[in-house]
Amino acid sequence: MSSLHIINKSPLSHSCLDECLSCCQQGDDILFIEDGVVALCSLKPQQQQQLAALAIQPHVLAADVAARGLVDKLSAAFQSSDDTGFVALCVKHPKSISWF
């Protein structure tokens with residue numbers, strides 16, 4: 001059963017991303033929202049390798065990226081999603097996990 005992992009804390013100040021990655025499986029998705037979008041410019045090489053090994057393309061909520069002035073940091077490594085995309089990810093996965 002696939003899961004949607006939602007991260008709303010900055011990886012610079014919280015360990016929730018590392019905890020999330022230790023539980024992720026192939027077929028899961030990760031969505032960064034609120035201060036979690038700081039991951040656009042702060043993923044560690046180990047975290048990037050874990051995402052690649054699991055074939056997970058992380059998603060970011062576009063409004064939160066814009067609100068934090070990080071639009072120019074958005075790379076192909078992250079899929080930008082609007083509110084409709086957020087809902088689509090929730091519908092896609094039978095289970096959602098919020099990491100605080």
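Structure notes:
- HN-Hα J in Hz across segment 36-43 - Karplus 6.51, -1.76, 1.60, θ = phi - 60°, x for Gly and Pro: x, 5, 4, 4, 3, 10, 9, 5
- When the Gaussian network model of the chain links Cα atoms closer than 10 Å, the mean-square fluctuations of V37, V60, V71 top out at V71.
- Accessible area per residue for segment 5-100 is 53 Å², calculated with a 1.4 Å probe on protein heavy atoms, without ligands, DNA or RNA.
- CD proxy at 222 nm, helix term only [per DSSP H run n ≥ 4: -39500 (n - 2.57); per residue of the chain; nearest 500]: -9000 deg cm²/dmol
- Evaluated over the Cα positions of the chain, the convex hull gives a direction-averaged projected area, one quarter of its surface, of 5.6 nm².
- Residues of type lysines that K95 reaches as a straight line, Cα spacing below 23 Å, ignoring anything fewer than 8 places off in the same chain: K9
- Reciprocal of mean inverse Cα separation for segment 1-47 (Kirkwood radius, Å): 10.8
The values are calculated or read from the model by the stated rules, or taken from the named source; none is laboratory data. Note that the coordinates shown come from a computational prediction; the quantities given were computed from them, not determined experimentally. The area values use the complete protein model at the heavy-atom level, side chains included, leaving out ligands, DNA and RNA. Shrake-Rupley method; radii C 1.70, N 1.55, O 1.52, S 1.80 Å.
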